[in-house]
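What follows is one structure encoded as structure tokens, with my remarks underneath.
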2 protein chains.
Amino acid sequence: MPGFGSEKGVILRQFFALAQGKGGRAAVLPRRSLAKRDRLSADRRRGHNGGPPPCDDANMDASDRTTHEQIRQALAERFGAEFDVPCTLPGADELARIARHRSHRKYRADPVPPELLRLLFACALSAPSKSDLQQADIVHVADRARVKAIVDLIPDMPWINAAPVFLVFCGNNRRIRQIGEWRGKPFANDHLDHFMNAAVDAGLVMMNFIRAAEAVGLGACPISAVRNHPHEVSNLLALPDWVFPVAGLTVGYPAETGRISARLPLEVTVHVDRHDERALERRIDDYDRRRRELQPYRRQRHSGRYEDVPDYGWSEDKARQYAVPERADFGAFIRAKRFRLD
Amino acid sequence: MPGFGSEKGVILRQFFALAQGKGGRAAVLPRRSLAKRDRLSADRRRGHNGGPPPCDDANMDASDRTTHEQIRQALAERFGAEFDVPCTLPGADELARIARHRSHRKYRADPVPPELLRLLFACALSAPSKSDLQQADIVHVADRARVKAIVDLIPDMPWINAAPVFLVFCGNNRRIRQIGEWRGKPFANDHLDHFMNAAVDAGLVMMNFIRAAEAVGLGACPISAVRNHPHEVSNLLALPDWVFPVAGLTVGYPAETGRISARLPLEVTVHVDRHDERALERRIDDYDRRRRELQPYRRQRHSGRYEDVPDYGWSEDKARQYAVPERADFGAFIRAKRFRLD
């Protein structure tokens with residue numbers, strides 16, 4: 001792998017020095033024909049002001065050029081900003097899939113072969129795990145009647161029934177307690193950190209599963225609504241004490257291209273050294289505006305309760321969503337599963 | 001699925017003995033002569049009972065063959081089982097990186113270029129997010145004195161100071177509350193589910209960051225110990241109310257190959273339709289045995305408190321670890337950050 005000491009590393013360093021030295025964003029790579037530049041940057045110019053040049057020098061083949069362009073376009077659409085993609089970047093295919101991620105809710109009828117699913121489970125469970133405790137479980141809900149019983153609890157998501165695969169990622173704090181019993185040790189960690197570790201482990205495994213699934217051409221959509229009626233879902237899946245659902249996931253071969261979900265700019269979510277909320281309100285206003293241009297909301301949430309507003313955006317939608325209690329009983333469910341949460 | 005006691009297990013063991021070669025590590029398959037390859041694939045053919053043929057037929061080029069072999073080898077080592085890898089699998093490079101994941105704690109001195117890091121942040125934050133709420137923040141601790149101040153709180157991990165990059169992934173329940181205020185809406189979700197959503201969102205973003213980092217040749221290691229002294233870490237990073245650290249992450253170009261961490265067999269962590277603990281105790285005994293063969297523990301944990309045992313394994317180690325309270329004050333910290341956790 002190229003670091004900055006290797007030959008590729010030197011090229012990377014030269015690229016960044018070039019890009020940074022000329023005002024940060026406006027550096028120009030040599031050996032680009034005008035025709036190529038015009039073709040490639042026509043789209044980019046529309047939303048952006050003088051971003052970095054594309055990596056389309058004569059040494060790149062068409063496939064690499066496409067991959068680099070996909071990364072830049074996807075991130076520009078998602079964050080409303082330009083990103084430099086080094087010409088010699090290894091793993092660009094994988095970065096392109098990560099950058100172009102979208103949730104898929106419509107699937108072709110083609111089944112996902114069981115052996116492929118098993119391969120993806122193994123890849124997913126290769127994720128890091130807090131203290132090597134391995135507190136994530138996957139329940140593959142293969143029985144369609146059981147899937148339907150779960151979906152019946154989520155009235156606004158009947159489309160889940162049509163997904164070829166439905167999984168539920170669970171946190172499992174139970175195994176470590178069982179192991180303690182078998183090894184004659186007390187269990188001294190009945191507190192919030194322990195609960196959170198299992199929830200996060202399940203999240204890591206789900207994210208890793210999504211990556212593996214997208215690598216092989218599948219699409220997926222996380223379903224946190226499996227927690228809307230946690231007792232019932234737990235009963236349907238026979239989850240014992242100290243095992244709890246974190247999220248469902250639908251999986252299948254996508255029937256549609258899907259859409260990139262625009263994200264808050266990195267100035268809001270990435271901080272250097274200290275948490276920083278400067279200009280947050282203005283940035284959220286800008287983000288609302290950018291999203292409205294890209295993908296306006298079709299309906300205003302809770303329209304009976306609130307009057308329609310002309311510039312309905314992300315922040316108004318989220319403020320309305322969290323003005324109404326949602327899963328207020330999840331804590332009681334977790335405590336009924338015998339967690340203390342101290 | 002075959003354990004190491006079965007016929008397939010014997011073949012696997014032979015395979016690893018061969019692959020380990022000089023260093024006692026099965027991480028990298030050495031260059032094999034044709035004769036060796038033929039012997040290996042003959043073994044695998046024998047081991048497979050009617051499954052699809054191995055993907056080393058004449059139609060595959062050497063690079064594809066190597067990738068498929070890497071996936072099989074990594075998962076065999078990790079799970080003690082054989083996995084079929086379809087010959088025509090798209091995205092096999094990415095699956096190979098996922099399957100071969102390892103945590104890295106030693107890095108070369110080469111810095112990670114700022115623009116590359118920014119690209120990886122954007123990729124990471126392309127992860128799915130619960131209800132599109134985007135409750136994950138990344139703090140890039142760039143100031144070495146601040147890194148040192150955090151590492152001083154984790155006495156057994158001084159190596160973190162030598163990592164070229166140190167990040168802290170945080171859950172942020174604050175923004176949604178601010179947005180509610182700005183939009184004149186009450187906040188009606190002060191409960192456990194809401195806290196968990198932000199923690200899991202941070203986990204998703206960290207996992208996605210690790211994938212993006214490994215794609216470009218970097219290595220990483222999650223550090224949950226940033227929660228050992230959460231008040232101090234929170235002060236050092238100026239985390240406001242409703243923002244909390246989920247995990248740190250060291251990042252850099254790996255200086256060593258690293259080791260694959262063996263995992264519980266899929267029979268333990270993957271369930272069909274109903275949570276299933278059949279034969280759990282035996283399977284954990286088998287797993288302890290398999291791990292001991294692959295990577296025995298160098299020390300027995302809390303050896304002053306417990307007598308040394310001859311067959312020290314994963315379950316004994318984890319039972320000892322959780323017999324002692326760890327982060328019992330994290331709940332108090334989260335409540336001091338004004339969470340209710342109902």
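The values are calculated or read from the model by the stated rules, or taken from the named source; none is laboratory data. Just so it is clear, the structure is predicted and the values come from calculations on it, not from any experiment. Because the Cβ atoms are built from the backbone with ideal geometry, glycine has one as well, and the counts that use them run over all protein chains shown. These accessible areas exclude ligands, DNA and RNA; they are computed on the full protein's heavy atoms, side chains included. Shrake-Rupley method; radii C 1.70, N 1.55, O 1.52, S 1.80 Å.
Considering B:ALA142, B:ALA122, the condition of being in the same structural domain as B:CYS221 (by TED's automatic domain parsing), among the small types (Gly, Ala, Ser) and touching a strand residue (DSSP E or B) at 6+ places or on another chain (Cβ under 6 Å) is satisfied by B:ALA142 alone.
Taken over segment A:146-155, the criterion of being part of a loop (DSSP other than H, G, I, E, B) and in contact (Cβ under 8 Å) with a residue 12 or more places away in the chain is satisfied by A:LEU153, A:ILE154. Within segment A:75-89, residues that are of a type in the set (A, V, I, L, M) sit with their Cβ atoms under 6 Å from residues that are surrounded by fewer than 23 Cβ atoms within 10 Å (Cβ to Cβ) and not in a loop (DSSP other than H, G, I, E, B), at 6+ positions apart or across chains, in these pairs: A:VAL85/A:HIS68. For B:ILE98, the conditions (1) surrounded by fewer than 22 Cβ atoms within 10 Å (Cβ to Cβ); (2) under 15 Å from B:VAL216 (Cβ atoms) are fulfilled apart from (1). For segment A:112-126, which residues satisfy the criterion of being in a loop (DSSP other than H, G, I, E, B) and either open to solvent by 10 Å² or more (accessible area, probe 1.4 Å) or among the aromatic types (Phe, Trp, Tyr) (or both)? Hits for segment A:112-126 are A:VAL112, A:PRO113, A:LEU125. Taken across segment B:291-305, residues that are outside any strand (DSSP E or B), among the aliphatic types (A, V, I, L, M), assigned by TED's automatic domain parsing to the domain that holds B:ASN173 and open to solvent by 10 Å² or more (accessible area, probe 1.4 Å) do not occur at all. Of the residues making up segment B:321-342, those that are farther than 18 Å from A:ASN189 by Cα, more than 7 Å from chain A (Cβ to nearest Cβ) and open to solvent by 30 Å² or more (accessible area, probe 1.4 Å) are B:ALA336, B:ARG338, B:ARG340. Taken over segment A:95-111, the criterion of being more than 8 Å from chain B (Cβ to nearest Cβ), aliphatic (A, V, I, L, M) and either under 21 Å from the mean Cα position of the chain (by Cα) or within 27 Å of B:SER261 (Cα to Cα) (or both) is satisfied by A:ALA96 alone. Restricted to segment A:212-222, and to residues there that are facing chain B (nearest Cβ under 7 Å) and within 13 Å of the chain's Cα centre (by Cα), the residue that is least open to solvent (accessible area, probe 1.4 Å) is A:ALA212. Yes or no: segment B:223-236 includes at least one residue that is buried (at least 16 other Cβ atoms within 10 Å of the Cβ), in the same structural domain as B:VAL147 (by TED's automatic domain parsing), more than 17 Å from the chain's Cα centre (by Cα) and among the small types (Gly, Ala, Ser). So far as segment B:223-236 goes, yes, one or more of its residues are buried (at least 16 other Cβ atoms within 10 Å of the Cβ), in the same structural domain as B:VAL147 (by TED's automatic domain parsing), more than 17 Å from the chain's Cα centre (by Cα) and among the small types (Gly, Ala, Ser). In segment B:239-255, the qualifying residues are those that are among the hydrophobic types (A, V, I, L, M, F, W, C) and either open to solvent by 30 Å² or more (accessible area, probe 1.4 Å) or in contact with a strand residue (DSSP E or B) (Cβ under 6 Å, 6 or more places away or on another chain) (or both), and the one that is nearest to A:HIS275 (Cα to Cα) is B:VAL243. The number of residues in segment A:70-92 being modelled with pLDDT under 95 and charged (D, E, K, R) comes to 1.
Residue count for segment B:154-189 under the criterion of being within 24 Å of A:GLU267 (Cα to Cα), hydrophobic (A, V, I, L, M, F, W, C) and either over 20 Å from the mean Cα position of the chain (by Cα) or open to solvent by 10 Å² or more (accessible area, probe 1.4 Å) (or both): the result is 3. If you go through segment B:127-145 and keep only what is at the interface with chain A (Cβ under 7 Å from one of its Cβ atoms), outside any loop (DSSP other than H, G, I, E, B) and open to solvent by 10 Å² or more (accessible area, probe 1.4 Å), you end up with B:LYS130, B:SER131, B:ASP132, B:HIS140. For segment B:259-275, a tally of residues being open to solvent by 10 Å² or more (accessible area, probe 1.4 Å) and within 15 Å of the chain's Cα centre (by Cα) returns 3.
Applying the criterion of being surrounded by fewer than 24 Cβ atoms within 10 Å (Cβ to Cβ) and at the interface with another protein chain (Cβ under 8 Å from one of its Cβ atoms) to the residues of segment A:190-211, the residue that is nearest to the chain's Cα centre (by Cα) is A:ASP193. Just to be sure before I move on: is A:ASP308 under 23 Å from A:ILE260 (Cα atoms) and either more than 20 Å from the chain's Cα centre (by Cα) or touching a residue at least 12 places away in the same chain (Cβ under 8 Å) (or both) in the structure I sent? Here the answer is no, as A:ASP308 does not meet what is asked.
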